[in-house]
1. Run down Ala48, Ala22 and say which single residue is touching a residue at least 60 places away in the same chain (Cβ under 8 Å), open to solvent by less than 60 Å² (accessible area, probe 1.4 Å), within 18 Å of Ala92 (Cβ to Cβ) and part of a helix (DSSP H, G or I).
2. Considering Ala66, Ala105, which residue is more than 15 Å from Ala22 (Cβ to Cβ), out of contact with any helix residue (DSSP H, G or I) (no Cβ under 6 Å at 6 or more places or on another chain), hydrophobic (A, V, I, L, M, F, W, C) and modelled with pLDDT of 95 or more?
3. Return the residues of the range 98-120 that are of a type in the set (Gly, Ala, Ser) and either in a helix (DSSP H, G or I) or crowded, with 21+ Cβ neighbours inside 10 Å (or both); say none if nothing qualifies.
4. With the requirement that a residue be open to solvent by 10 Å² or more (accessible area, probe 1.4 Å), touching a residue at least 60 places away in the same chain (Cβ under 8 Å) and in a helix (DSSP H, G or I), what does the range 7-19 give you?
5. What do you reckon, is Glu62 among the charged types (D, E, K, R) and either crowded, with 17+ Cβ neighbours inside 10 Å or on the phi > 0 side of the Ramachandran plot (or both)?
6. Return a yes/no flag: does the range 74-95 have any residue that is surrounded by fewer than 16 Cβ atoms within 10 Å (Cβ to Cβ) and of a type in the set (A, V, I, L, M, F, W, C).
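The values are calculated or read from the model by the stated rules, or taken from the named source; none is laboratory data. Every value quoted in this text rests on a predicted model; they were computed, and no experiment measured them. Here the Cβ is made from the backbone with ideal geometry for all residues, glycine too, and neighbour counts use every protein chain on show. Note: areas computed on protein heavy atoms with side chains; ligands, DNA, RNA excluded. Shrake-Rupley method; radii C 1.70, N 1.55, O 1.52, S 1.80 Å.
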Amino acid sequence: MNASSPNFAFLAKHDPLLVRFAAQAERYVFDDPNTALIKLGQFGELLAQRAAASAGVFVADEEKAADVLVSLQDRGVLTREAAQLFHGLRKARNQAVHVHVGSQADVLHQLRMARSLAIRFHRSV
């Protein structure tokens, strides 16, 4: 699937899958906010993995997203604020998956947080 996003296209050089997840979230905001939150969670997980790789931090495939974020913060790769944004994406995704909740407002907020993280990542790599 070829996906494009004017808000996240700059990430294509890092990993096209990041752009795909973000574009899917943007597409589902109004029709299916629950799915959009799931896609944003996938985006956050992949972005954290890419941040770990660029910083030379080993992350096992089976490692939980929360543990990856703690490792990145402990090693100084993530600021406290960035870690909170990542955790926000993760928690919103978990709510969407397990409790089946999520509104358009939730998605729009999380999209802004995801873009902020994407910009930070792009500038630091």
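1. Going through Ala48, Ala22 in turn, just one is touching a residue at least 60 places away in the same chain (Cβ under 8 Å), open to solvent by less than 60 Å² (accessible area, probe 1.4 Å), within 18 Å of Ala92 (Cβ to Cβ) and part of a helix (DSSP H, G or I): Ala22.
2. Criteria check complete, one pass: Ala105.
3. Gly102, Ala105, Ala114, Ser116, Ala118
4. Listed by number, the list holds a single entry, Phe10.
5. Details: among the charged types (D, E, K, R): yes; either crowded, with 17+ Cβ neighbours inside 10 Å or on the phi > 0 side of the Ramachandran plot (or both): no.
Spelling it out, it is not the case that Glu62 is among the charged types (D, E, K, R) and either crowded, with 17+ Cβ neighbours inside 10 Å or on the phi > 0 side of the Ramachandran plot (or both).
6. Scanning the range 74-95 turns up no residue that is surrounded by fewer than 16 Cβ atoms within 10 Å (Cβ to Cβ) and of a type in the set (A, V, I, L, M, F, W, C).
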